[in-house]
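Only one structure is covered here, and it is reproduced in the block below.
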Amino acid sequence: MLKHIKPNAKILIFIICLVLAIIPCGCSTSQTPISRTGFYFDTVIQITMYDSKKESCLDECMELADKYEKLLSPTVEGSDIWNINHSNGHPVVVSDETLMLLENALSYCDMTNGRIDLTIEAVSGLWDFHEEAGNENTQSRVPDKEKIEEALGHVDYRNLSINDSTVILKDPEASVTLGFIAKGFIADKIKEYLLSQNVKNAIINLGGNLLAVGSKPDGTPFQFGIQKPFDKQGAIIATLPVSDRSLVSSGVYERCFYQDDVLYHHILNSSTGYPVQNNLLGVTILSDSSMMGDALSTTCLVLGLDEGMALIESLDGVDAVFITDDYELHYSSGL
């Protein structure tokens, strides 16, 4: 589950987003791309199109980003998620889009028997992963064991119930976060808008969640690169051709720190309250739906290589690349 990054990290994140996680490479020169950059969801986002006559669409994309941040962010007062988290156990009426996203999030909680849990914020809020990834000179920031154990008592997705358009969070001390699925949903909505405006070639980059609209103007696929974990220069460990699909990565190297030579990262075990311990460094998902790719990248990282790969192989139209701690790449059968 994802921990939000403070807005004062804008410049650092902008630099990282150029090289981190998944990087678009080899843009066509047959048309000059136009882009718009903004700061939403506590990260830098960028929309790139290959149709200068539709430049106004870029402004609308940013307005959509603003709309969904105000609807789904747990830190924006008055958002649906903020209202749920501050309801003190009382019913909250939410929008149809929030309802759909909550239902999808709960399906991953059910599928993993709570190893993915949308109420993990009670624990993740105790951790601070804001330092540069892999920085070995950070101060001690591992939370007290007693605080983690107390917070774990408020982590249970089954405390969230939905009845028509009404949501009830039964535990007033619990807190919902959709950080493992929301950016993918928003990317899908932006793509839906661009297609409605007859935009045929574009890249949607929501802080590393990449979604291709069509292909490059010359008809060839975009080439998206997967970052080598922990490489400070943003070296590419693999590239994938992508047309009209989503590519999303999650990794233990994205937000992490060392303490006493132990790596602590932001993907938390919902049973222990500490970072997931398996031999995975990262997972990249290729899918038609960015919402699905977003959720699956975190889910597979939590499940580990064997269970995660089995899940991917059971799904139609979804592929994955798993990176283990020996930097070996494990591809699903479709790749």
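Points to keep in mind about this one:
- Over the chain: helical MRE at 222 nm, DSSP H runs n ≥ 4 each giving -39500 (n - 2.57), nearest 500: -8500 deg cm²/dmol
- Around the Cα centre of the chain, unit charges on the Cβ atoms of Lys, Arg, Asp and Glu (plus for the first two, minus for the last two) sum to a dipole of about 900 debye.
- Carbon and sulfur %, accessible surface of segment 291-335 computed with the full protein complex present, 1.4 Å: 48 percent
- Net charge of neighbours whose Cβ lies under 14 Å from the Cβ of Ser87, counting Lys and Arg as +1 and Asp and Glu as -1: -3
- Rolling a 1.4 Å probe over the heavy atoms of the protein chains gives the chain an accessible area of 43 Å² per residue.
- About the Cα centre, charge dipole magnitude for segment 156-199 (Lys/Arg +1, Asp/Glu -1 at Cβ), debye: 180 debye
- Sorting Ser246, Ser161 by accessible area puts them as Ser161, Ser246; the probe is 1.4 Å, largest comes first, and only protein heavy atoms count.
- Förster radius 56 Å - calculated FRET efficiency between Ser95 and Thr220, Cβ distance, rounded to 0.05: 0.90
- Two-site FRET efficiency, Lys200 against Met111, from Cβ-Cβ distance with R₀ of 45 Å, rounded to 0.05: 0.80
- The listed residues Met100, Met111, Met291, once ranked by accessible area (1.4 Å probe) with the largest placed first, stand as Met111, Met100, Met291.
- Cα-Cα over 24 Å, subset of Lys53/Lys216; Lys191/Lys232; Lys67/Lys147; Lys67/Lys232; Lys67/Lys216: Lys191/Lys232; Lys67/Lys147; Lys67/Lys232; Lys67/Lys216
- Computed with every protein chain present, the accessible area of Glu69 is close to 40 Å² [probe 1.4 Å].
- Carbon/sulfur fraction of accessible area - segment 66-183, other protein chains in place, 1.4 Å, %: 42 percent
- Label-point separation, Asp261 to Lys53 (7 Å along Cα→Cβ), nm: 6.4 nm
- Only protein atoms count toward the accessible area here, which uses a 1.4 Å probe; on segment 187-278, the carbon and sulfur part of that area reaches 44 percent.
- Solvent accessible area, Å² - Thr37, 1.4 Å probe, full protein context: 70 Å²
- GNM flexibility winner over the chain from Gly179, Gly207, Gly125 (Cα, springs under 10 Å): Gly125
The values are calculated or read from the model by the stated rules, or taken from the named source; none is laboratory data. Just so it is clear, the model here is predicted, and its values are computed rather than measured. Every residue, glycine as well, gets a Cβ built from its backbone with ideal geometry; the counts of neighbours run over all protein chains shown. Areas reflect the complete protein model, heavy atoms only, side chains present, ligands, DNA and RNA absent. Shrake-Rupley method; radii C 1.70, N 1.55, O 1.52, S 1.80 Å.
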